[in-house]
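Trainee: Shown below is the structure under consideration.
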Amino acid sequence: MDQKKVIIIGGGVAGLSAGIYAQLNGFNATILEMHDKPGGQLTAWERNGYHFDYCLHWLVGTDHGVFNDIWKETGAMDDHVQVINHLTFSRVEDEEHGEFIIYNSINRWKAYLLEGAPEDEKAINELCEMIEKSTKMEQFEDAPGMRSAGDYMSSLWHMGSFLPIILRYGKRTARELFEDLGFKNERLLYFFNQLFGAEDFSALGLLMTLGWGMTGNAGYLKGGSLHMAMRMARRFRQLGGEFQFQSRVNEIIVENDTAVGVKLAHGDVMYADHIISACDGHAVLFDMLKGTYLNEKFEEAYAEWPLFKPLVMIGFGIDKEIQSPTHNTSYTLREPMIIGRTSTKAYSIFNRSMYDEAFAPKGKTTLLMQFETPWEVWESLKGLDYHDEKEAIRKVAIELLEKHYPGACDHIETMDIATPHTTIRYTGVWKAAYEGFRPTTNVLNGLPMKLEGLENFTMIGQWLFPGGGLPPSAQSGKWAIQRLVDAEGGEFMTHEPETAHA
Ligand SMILES: Cc1cc2nc3c(=O)[nH]c(=O)nc-3n(C[C@H](O)[C@H](O)[C@H](O)COP(=O)(O)OP(=O)(O)OC[C@H]3O[C@@H](n4cnc5c(N)ncnc54)[C@H](O)[C@@H]3O)c2cc1C
């Protein structure tokens with residue numbers, strides 16, 4: 001194949017994946033990244049010897065399946081990476097109802113639920129059975145438009161007993177699922193609704209999320225986000241790919257309805273045979289392409305589909321070893337509390353150095369506190385007001401730390417506050433919606449990779465899939481290149497020629 005040139009806008013997991021598969025398939029790929037390092041939201045930073053990780057908690061595909069292939073092919077996982085499967089998926093401490101745990105094992109969780117709510121035996125068994133069945137669902141390996149009838153048959157066959165559940169709950173909420181199953185125990189229902197009953201959270205999203213965790217296929221990669229991003233970046237470079245950092249793209253150059261190049265913020269213009277956008281979807285459609293190639297579906301999605309609520313993350317570097325009951329605890333409150341300008345009924349604390357010694361020097365601890373905050377709070381917050389808001393958050397965060405870890409505040413060596421504006425500054429994510437569109441009843445409803453009427457252009461990344469996340473973002477990068485190879489009449493390669501398993 002001739003060395004055709006591909007420009008990839010954005011060096012997050014989607015862009016890195018596209019870059020790697022592009023190089024594996026004989027293209028000449030350049031990743032243009034506005035930041036000074038790769039990874040996008042898959043990132044972390046050092047402060048005073050403490051490591052604050054912004055992203056990786058769990059990674060679907062750490063054990064098997066189509067996503068596992070991608071992690072291995074892109075170098076995100078290699079033989080040296082240790083996978084940690086936590087005993088618990090989540091632990092809640094509720095002001096009124098006490099402790100509730102979700103174990104990362106179906107049998108263990110079932111036993112725990114039955115102990116607390118024996119009257120709900122039938123509903124508990126049914127829920128756990130549904131979770132187990134969800135794990136039978138296999139992701140498609142090939143890109144949309146490149147699947148054979150056999151692929152669909154095989155997918156249906158694998159889905160087996162999960163198919164009726166998809167048909168029944170594909171467009172329904174988790175709350176409706178709990179109602180259908182007929183749970184009676186009020187405490188259990190309270191926790192289910194606290195955790196999964198929010199607004200219109202998808203029933204399928206719930207089942208699949210728990211299924212992945214409970215079958216050991218959604219572990220944590222030791223070293224965390226930035227190390228994972230750097231492994232992928234190294235693979236891209238080793239395959240001959242080129243990065244250009246601090247290169248923000250302002251415009252996609254279109255001639256005769258064909259994408260031919262990009263204009264950078266610092267004035268340069270670059271041309272290529274194919275342009276792949278792997279950055280914020282809203283910026284691509286509405287700014288870089290000036291709204292020219294929107295269709296009804298995109299307009300509806302960006303106008304109406306609910307977004308993830310932004311996060312504030314407070315990192316504490318503590319000069320003392322702290323053990324927590326589990327690696328993460330969510331605290332839920334009877335009445336809303338005020339943190340700065342945000343009113344919230346929940347916040348979480350993660351003890352990240354408990355399971356990854358890379359996060360804090362020996363004998364010290366990194367704790368991360370996190371809460372959701374509406375974008376409207378931050379939208380116009382600037383200058384002194386922004387500074388004051390961070391100070392207000394700092395004060396309350398220290399009080400909360402002291403409440404849950406008495407004495408810890410005397411040992412704070414370092415504090416770091418990342419706000420929705422931090423997310424936007426570093427990654428450009430629209431309204432700081434860190435995983436894009438929320439997985440509501442639209443969870444089966446993705447957006448297309450191609451824009452009608454625009455040639456030589458592909459869109460990838462988290463904004464194509466409600467629920468977002470690392471696996472589908474990386475997969476969309478693979479799919480983009482698979483389709484390009486197909487259009488060139490080539491055979492898609494997932495490994496270097498000498499070890500090819502294409
Ligand atoms: C706090 C947090 C926790 C998370 N936890 C998990 C988790 O445990 N598991 C999981 O699977 N997912 C998790 N996610 C979600 C996951 O990180 C994202 O869905 C995924 O990283 C999206 O990848 P992406 O490549 O599509 O986009 P991004 O990561 O947003 O990458 C886009 C890239 O494009 C660059 N860019 C933007 N605009 C331009 C421009 N104009 N010119 C050039 N470059 C540009 C950005 O700098 C960025 O590097 C989490 C996210 C957050 C924030």
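Read-outs: derived from the displayed coordinates by stated rules, not from any lab. Since the structure is predicted, the reported quantities are computational estimates derived from the model, not experimental observations. Methodologically, a virtual Cβ is constructed for each residue, glycine included, from the backbone with ideal geometry; neighbour enumeration extends over all protein chains shown.
Trainee: I need the peptides 81-94, 379-392 ranked by packing, meaning the mean over residues of other C-beta atoms within 10 angstrom, with the highest value on top.
Mentor: Highest-to-lowest ranking by the protection proxy: 81-94, 379-392.
Trainee: With axes computed from alpha carbons, what is the tilt in degrees of helix 106-116 against the longest principal axis of the chain, rounded to the nearest 10 within 0 to 90?
Mentor: The helix 106-116 is inclined about 30 degrees to the chain.
Trainee: Could I ask something else about it? Pull up the cross-link candidates among the aspartates and glutamates for LYS72, meaning alpha carbon to alpha carbon under 17 Å and not fewer than 8 places away within one chain.
Mentor: Hits, sequence-local ones excluded: ASP63, GLU141, ASP142, GLU496, GLU498.
Trainee: For segment 447-460, in order, what is each residue's ³J(HN,Hα) by Karplus, 6.51 cos²θ - 1.76 cosθ + 1.60 with θ = phi - 60°, in whole Hz (x at glycine and Pro)?
Mentor: 9, x, 7, 9, 9, 4, x, 10, 8, 6, 9, 9, 10, 9
Trainee: In terms of modelled amide H atoms, which long-range or inter-chain residues lie less than 5 Å from the amide H of TYR331?
Mentor: Those lying under 5 Å, H to H, from TYR331 are GLU93, TYR347, SER348, ILE349.
Trainee: If one takes the longest principal axis of the Cα atoms in the chain, at what angle in degrees, from 0 to 90 and to the nearest 10, does the Cα axis of helix 203-214 lie?
Mentor: The two axes meet at around 80 degrees.
Trainee: Could I ask something else about it? Leaving out same-chain residues fewer than 8 places away, which aspartates and glutamates sit with a Cα under 16 Å from that of LYS395?
Mentor: The qualifying aspartates and glutamates are ASP385, ASP410, GLU413, ASP416.
Trainee: GLU126 versus PHE245, label points 7 Å from Cα toward the beta carbon: distance in nm?
Mentor: Once both label points are built, they end up 5.5 nm from each other.
Trainee: Take peptides 297-310, 315-328, 155-168 and line them up by average Cβ neighbours within 10 Å, highest first, as a rough protection proxy.
Mentor: So the peptides 297-310, 315-328, 155-168, ranked by packing, come out 315-328, 297-310, 155-168.
Trainee: Follow-up. What FRET efficiency comes out for LEU114 versus GLU255 if R0 is 60 angstrom and r is the Cβ-Cβ distance? Round to the nearest 0.05.
Mentor: Values: r = 65 Å, r/R0 = 1.08.
Using R0 = 60 Å, I get an efficiency of 0.40.
Trainee: Based on the mean of other Cβ atoms within 10 Å per residue, sort peptides 232-241, 482-491, 402-411 so the most packed one is first.
Mentor: The peptides rank, most packed first, as 232-241, 482-491, 402-411.
Trainee: Taking Cα centroids, how far is segment 9-81 from segment 292-342 in Å?
Mentor: Answer, in whole Å: 22.
Trainee: Taking the Cβ of LEU451 as the center, what net charge do the other residues with Cβ under 13 Å away carry, scoring Lys and Arg +1 and Asp and Glu -1? Please list the in-between numbers first.
Mentor: Details: positive: LYS290, LYS297, LYS450; negative: ASP257, GLU296, GLU299, GLU452, GLU455.
Overall, the nearby charge balance is -2.
Trainee: Report the extension gain between ARG147 and ARG334 in nm, rounded to one decimal, defined as 0.36 nm multiplied by the number of residues separating them, less their alpha carbon distance.
Mentor: Gain on extension, ARG147 to ARG334, equals 62.3 nm.
Trainee: Kirkwood hydrodynamic radius (Cα pairs, Å) of segment 103-215?
Mentor: 15.0 Å
Trainee: Mind checking the angle between helix 13-24 and the chain's longest principal axis? C-alpha axes, 0 to 90 degrees, to the nearest 10.
Mentor: The angle comes out at about 40 degrees.
Trainee: Next question, about the same structure. Quick one: Karplus J couplings for segment 60-77, per residue in order, coefficients 6.51, -1.76, 1.60, θ = phi - 60°, nearest Hz, x for Gly and Pro?
Mentor: 3J(HN,Hα) across segment 60-77, in whole Hz: 5, x, 6, 10, 7, x, 4, 5, 4, 4, 5, 4, 6, 5, 8, x, 4, 10.
Trainee: Another question, then. Would you mind checking which residues have amide H under 5 Å from THR62's amide H? H placed 1.01 Å from N; only 5 or more apart, or other chain.
Mentor: Amide H neighbours of THR62, under 5 Å, 5+ apart: ALA218, GLY219.
Trainee: Out of the DSSP beta bridges found with both residues in the chain, what percent are antiparallel (nearest 5)?
Mentor: 70 percent
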